[in-house]
1. Any residue at all in the range 42-62 that's of a type in the set (D, E, K, R) and within 30 Å of TRP129 (Cα to Cα)?
2. Within the range 87-122, restricting attention to residues that are closer than 20 Å to ALA70 by Cβ and among the hydroxyl-bearing types (Ser, Thr, Tyr), which residue is nearest to the chain's Cα centre (by Cα)?
Amino acid sequence: PEHTEVIPGIVNRPCGGTCVTQAVAAASTAMLNICGCVVFFGSLGVVLGEIAGGATIIRGIFEFSSGVIAAKQVAEPLRTFLCCGFMSFGGFSVHAQVSMMTKGDSVSRYFFFFKLLQSAVALFAAFIWMNFVDKPAFVL
């Protein structure tokens, strides 16, 4: 009898020596999808940011690493808040990747809301740190 393995997307098919090639093909497809999201949202953020006059916030909302790189041009207290917000939210690129990998499962339904909540908590923590722990640098 042939050995049967369960591979995501392929249910109980006989392995027959093709399990490794199927796993590599599935991993390659997933990696291309993730890289495609990063390139698409990164490019879209740069284009829309340039149309809006080099808006750092637009770049960070679409793809967080582009926003963090663009935040180098912003003055220090605001730069810390922008980078904190971009990294905790993740950008639309991360949200598209999660939705793609979970195939619209219940995880991706609440992901956006909880990432916004995480951003609010992270920004509040940065505000507390910068004003009361580190040094009074920025007061709203």
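Values quoted throughout were computed directly from the atomic coordinates according to the rules given, and no laboratory measurement underlies them. Because the structure is a prediction, the values reported are computed rather than measured. Cβ sites come from the backbone with ideal geometry, for glycine too, and all protein chains shown count toward neighbours.
1. Taking the range 42-62 first, the residues of a type in the set (D, E, K, R) are 50, 59.
The next check asks that each one be within 30 Å of TRP129 (Cα to Cα); those that pass are 59.
Checked against the condition, which is being of a type in the set (D, E, K, R) and within 30 Å of TRP129 (Cα to Cα), the range 42-62 yields at least one hit.
2. Looking at the filtered set, the residue picked out is SER93.
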